[in-house]
Amino acid sequence: MLLSVLLQAAAAGVGITKMGAAIGAGLAAIGAGIGIGKIGGSAMEAIARQPEASGDIRNNMIIAAALIEGVALLAVVVCLLTFLM
């Protein structure tokens, strides 16, 4: 399926580089969403098991989510720069 999309893009005159940049930006966004979702779910389970540690768990969750979001934003920017060049 992906090969047919790439072949159609090549036949239409769209460069493979631009198609790869678009796919890369989408994968970066999807990966960040999955990662932050897993962090949130694990944090909620940990808070349910140890309510007295909820402050520390919440702080660590926010820091990890911010780091993931930063990496995803960087990946999307690089992909968009590749797309526009």
Check: What area, in nm² and to one decimal, does the C-alpha convex hull of the chain cast on average over all directions?
Finding: 6.5 nm²
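Given the DSSP H assignment, sum -39500 (n - 2.57) over each helix run of at least 4 residues in the chain and divide by its residue total; what's the result at 222 nm in deg cm²/dmol, nearest 500? The partial results should precede the final answer.
Details: 3 runs with 75 residues, N = 85.
Result for the chain: -31500 deg cm²/dmol, rounded to the nearest 500.
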Notebook entry, point to check: Using a 1.4 Å probe, what is the accessible area per residue for the chain, in Å²?
Noted result: 70 Å²
Notebook entry, point to check: Can you work out ³J(HN,Hα) from phi for every residue in the stretch 71-85, in order, using Karplus 6.51 cos²θ - 1.76 cosθ + 1.60 and θ = phi - 60°, giving whole Hz and x for Gly and Pro?
Noted result: 5, 5, 5, 4, 5, 5, 5, 4, 5, 5, 5, 5, 5, 7, 8
Margin query: Order 50-58, 70-78 from most to least packed using the mean count of other Cβ atoms within 10 Å.
Written below: 70-78, 50-58
Checklist line | Phi-based couplings in Hz for the stretch 47-60 (Karplus 6.51, -1.76, 1.60; Gly and Pro marked x) | finding: 5, 5, 6, 9, x, 6, 9, 5, x, 5, 5, 5, 4, 5
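The values are calculated or read from the model by the stated rules, or taken from the named source; none is laboratory data. Bear in mind that the values here come from a model prediction, so they are computed numbers and not experimental data. Please note: Cβ atoms are built from the backbone with ideal geometry, for glycine as well, and neighbour counts cover all protein chains shown. Ligands, DNA and RNA are excluded from the accessible area calculation, which covers all protein heavy atoms including side chains. Shrake-Rupley method; radii C 1.70, N 1.55, O 1.52, S 1.80 Å.
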